[in-house]
Amino acid sequence: MQNHLASRIISSENITSTGTSAQSGTAPFGARVARIATSASVNIVIGSNPTATAAGTLIEAGAPSYFVVKPASDVGETDGEKVASIGTATVNVTWLEG
């Protein structure tokens, strides 16, 4: 199944995920959706200070997934949600307007 979601890109970042949980930066002001793509299977958790475990949501390589997130409350604030991943992969998080 292919996702067809049209939305403005706010920013994008890579998380280098290994055998321990790694976090993204916070969802910026205006970002309501996170598109997550990965080079290999990983498990993710989304929250204010998340720690990913094998019990998190599985994301497969080649199957980008979209999640609703809480953005920062204002420009320059860092209170938005983060994505944490675990697994050996490069995880791309693209923050989108929603």
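Under the criterion of Cα pairs below 8 Å and six or more residues apart, the relative contact order for the chain equals 46 percent. The order of R8, R32, going from fewest to most other C-beta atoms within 10 Å of their C-beta, is R8, R32.
Net charge dipole, the chain: roughly 160 debye, given to the nearest 20, about the Cα centre with Cβ charges of +1 for Lys and Arg and -1 for Asp and Glu. Among G80, T51, S65, pick out the residue whose Cα is farthest towards the positive end of the charge dipole of the chain, where Lys and Arg carry +1 and Asp and Glu carry -1 on C-beta, about the Cα centre. The Cα lying farthest towards the positive end belongs to S65. As a rough guide to protection, the peptides 12-23, 40-51 ranked by mean Cβ packing within 10 Å, highest first, stand as 40-51, 12-23.
Cα centroids of region 14-31 and region 41-98: 6 Å apart.
Only the coordinates and a few stated rules stand behind these numbers; no lab work does. As the structure is a prediction and not an experimental result, all values here were calculated from the model. A quick note on method: Cβ atoms are made from the backbone with ideal geometry, for glycine too, and the neighbour counts reach across all protein chains shown.
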